[in-house]
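Since the structure comes first, as structure tokens, the remarks are kept for the end.
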Amino acid sequence: MSGLFVSLEGVDGAGKSTLAHHLRRRFEEQGREVVLVREPGGTALGEAIRTLLLRREEVVIDPEAQMLLFLASRVQLLETVILPALDRGAVVLSDRFHLSTIVYQGIAGSLGEERAVRVCSAVLGERRPDLHLVLDLPLELARERRGKEVDRFERSEEFLARVVEGFRSTSGLPGDRIVRIPATGAPEEVARLAGEEVDRVVA
């Protein structure tokens with residue numbers, strides 16, 4: 001059985017972690033091995049980069065440097081975790097992948113979508129998810145769900161509004177399969193809709 005690579009995208013608070021656990025249970029009931037990963041993170045290098053990017057706010061990081069740090073974490077995760085899992089036929093569910101870079105650093109940030117797409121494409125090539133599930137949630141609901149703890153990317157409401165719109169508008173890299181799912185409903189309903197989209201890829 002061939003591996004399957006699915007990324008879960010959206011603004012923080014959209015329900016990516018909850019959906020990942022629903023999908024994990026669904027695949028495990030089918031007898032599939034499931035590997036959950038998060039971006040940035042999932043490796044020693046990735047976790048160090050995650051701390052630097054999200055928690056070390058006293059360290060000023062240029063937007064281009066941010067993008068390259070995310071990509072460094074992503075390549076390490078690909079080569080050491082994701083690709084080996086896919087080779088043995090596992091399902092990989094990733095909390096974020098390159099759409100987040102295109103949206104956060106490109107569309108919502110200062111780099112621009114075209115530049116972010118060009119760099120991501122050059123680095124990743126065809127090492128990409130089979131399906132991107134974007135959880136679409138209005139910013140005011142996402143704000144309620146995500147709680148009070150925020151990182152360096154969540155402090156500006158204007159920035160987050162651009163993030164929400166960016167996930168609604170981006171077409172990602174050429175060839176990306178992107179499906180947007182309303183995330184305002186109950187987690188079980190969101191999981192049902194996501195499961196139907198996954199089935200279309202597997203079929």
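The values are calculated or read from the model by the stated rules, or taken from the named source; none is laboratory data. Since this is a predicted model, take the numbers as computed values, not measurements. A quick note on method: Cβ atoms are made from the backbone with ideal geometry, for glycine too, and the neighbour counts reach across all protein chains shown. Note: areas computed on protein heavy atoms with side chains; ligands, DNA, RNA excluded. Shrake-Rupley method; radii C 1.70, N 1.55, O 1.52, S 1.80 Å.
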Legend entry - Residues of region 153-203 satisfying the condition of being touching a strand residue (DSSP E or B) at 6+ places or on another chain (Cβ under 9 Å) and polar (S, T, N, Q): Thr170, Ser171, Thr184
Inset, instruction - Among residues belonging to region 156-203 that are basic (Lys, Arg) and farther than 19 Å from His98 by Cα, point out the one that is surrounded by the fewest Cβ atoms within 10 Å (Cβ to Cβ). - result: Arg200
Inset, instruction - For residues that are open to solvent by 20 Å² or more (accessible area, probe 1.4 Å) and in contact with a strand residue (DSSP E or B) (Cβ under 7 Å, 6 or more places away or on another chain), tally how many sit in region 93-115. - result: 2
Inset, instruction - Could you pull out every one of the helices (runs of 4 or more DSSP H) wholly within region 44-154 that has 3 or more residues that are free of Cβ contacts under 8 Å to residues at least 24 places away in the same chain and either of a type outside the set (Lys, Arg) or farther than 24 Å from Thr170 by Cβ (or both)? - result: 44-50
Legend entry - Subset tally (residues that are crowded, with 23+ Cβ neighbours inside 10 Å and of a type in the set (A, V, I, L, M)) for region 7-36: 4
Inset, instruction - Return the residue satisfying two criteria in turn: it lies in region 44-72 and is of a type in the set (Asp, Glu) and exposed (fewer than 14 other Cβ atoms within 10 Å of the Cβ), and of such residues it is modelled with the highest pLDDT. - result: Asp62
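Within region 83-92, is there a residue that is modelled with pLDDT of 95 or more, open to solvent by 60 Å² or more (accessible area, probe 1.4 Å) and touching a strand residue (DSSP E or B) at 6+ places or on another chain (Cβ under 7 Å)?
Pass one, region 83-92, residues modelled with pLDDT of 95 or more: 83-92.
Filter once more, keeping what is open to solvent by 60 Å² or more (accessible area, probe 1.4 Å): 87-88.
Adding the requirement that they be touching a strand residue (DSSP E or B) at 6+ places or on another chain (Cβ under 7 Å) leaves none.
No, region 83-92 contains no residue that is modelled with pLDDT of 95 or more, open to solvent by 60 Å² or more (accessible area, probe 1.4 Å) and touching a strand residue (DSSP E or B) at 6+ places or on another chain (Cβ under 7 Å).
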